[in-house]
Ligand code: BMA
């Protein structure tokens, strides 16, 4: 099934007029692409960990996102970022090819990093903890193929909880057709009680795959969380610096039960953000990609949503938390 083109963003969301908030030009060690960041507030300041992709973007030798690590930036307002001198995280070994797509969650005053690694034997999702953004202790690594892990900011019923996106290619006849799953853990190391949370068929604006996006935030009505939703159209051709790019990534939003996050309370049937702005639809490595990775709830109810655009730059959009909750609950 081919989906309508273009899809529209929900008007409850406003893109920051100064977008993008971070580009390769802001980074001293000169990656070609800067995107798909995790963002949180930690000890009074905003912290961003972002994905760096190296390679020669103009000549196309960047393909396929082949050299990647994770950078670090701090901010006092969530808009202007002070990028640190060196990449902050990246596991180097004969087995691990690249480290990417960081997500940050503060739990009980410690900052946890979820990340993906491509290894010579499959894609794995890792969880690390840091207190200073200099030293990271890796606590667990998933079995392949799994990624897009995000942690809830509190234990629920005494357990840590994560959303994740395994990609069972054999079980899905060799095609993309991936869903969002949920697991819990007593200690962030051993994960179990794994269940399907949101199947692809439940999302009207996706026909290819889903994945968790920014880590959930607590609201009185439930855990509010974004996800990425992908549609593919085989009639699409080149759409960026790659020879072929047939996918479009939108952001969706859903609300999970506060006491039992294995239960979806509501999900907006329309995209929260669909690619529309110039930095989302043109001039990028892969155009038409919106990939949220951070969500910060401010005291006045504003939610800052951080997202990678076109796999090339990092952007910001805002919405009121009440509007986001309402979007999940309407049409149920
Ligand atoms: C996914 C990941 C993301 C990326 C997206 C679109 O598979 O690699 O990091 O943003 O594809 O290219």
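The values are calculated or read from the model by the stated rules, or taken from the named source; none is laboratory data. These numbers were taken from a predicted model, which means no experiment stands behind them. FYI the Cβ positions are ideal-geometry reconstructions off the backbone, even for glycines, and counts take in every protein chain you see.
Against the conditions (1) more than 20 Å from the chain's Cα centre (by Cα); (2) modelled with pLDDT of 95 or more; (3) surrounded by fewer than 20 Cβ atoms within 10 Å (Cβ to Cβ), residue 143 satisfies every one except (1). Taking the listed residues 311, 259, the one that is away from the ligand (no atom under 13 Å from the Cβ), in a loop (DSSP other than H, G, I, E, B) and farther than 26 Å from residue 45 by Cβ is 259, with no other qualifying.
Tallying residues that are on the phi < 0 side of the Ramachandran plot and surrounded by 17 or more Cβ atoms within 10 Å (Cβ to Cβ) within segment 124-139 yields 7.
Residue-level check: of (1) away from the ligand (no atom under 14 Å from the Cβ); (2) within 26 Å of residue 46 (Cβ to Cβ); (3) at pLDDT below 95, residue 323 misses just (3). Number of residues in segment 207-233 that are surrounded by 24 or more Cβ atoms within 10 Å (Cβ to Cβ) and part of a loop (DSSP other than H, G, I, E, B): the value is 4. From the list 192, 266, 222, the one residue that fits, being farther than 24 Å from residue 317 by Cα and more than 16 Å from the ligand (Cβ to nearest atom), is 192.
Looking across segment 234-260, the residues that are crowded, with 23+ Cβ neighbours inside 10 Å and either closer than 24 Å to residue 182 by Cβ or touching a helix residue (DSSP H, G or I) at 6+ places or on another chain (Cβ under 6 Å) (or both) come down to 249, 250, 251, 252, 253, 254, 255, 256. The set of residues in segment 153-171 being touching a residue at least 40 places away in the same chain (Cβ under 8 Å) and over 14 Å from the mean Cα position of the chain (by Cα) consists of 153, 154, 155, 156, 157, 160, 161, 167. Residues of segment 288-305 that are assigned to a loop (DSSP other than H, G, I, E, B) and surrounded by 24 or more Cβ atoms within 10 Å (Cβ to Cβ): 288 alone. The number of residues in segment 147-180 that are surrounded by fewer than 21 Cβ atoms within 10 Å (Cβ to Cβ) and more than 16 Å from the ligand (Cβ to nearest atom) comes to 11. Of 68, 61, which residue is modelled with pLDDT under 95, within 15 Å of the ligand (Cβ to nearest atom) and out of contact with any helix residue (DSSP H, G or I) (no Cβ under 6 Å at 6 or more places or on another chain)? The conditions single out 68.
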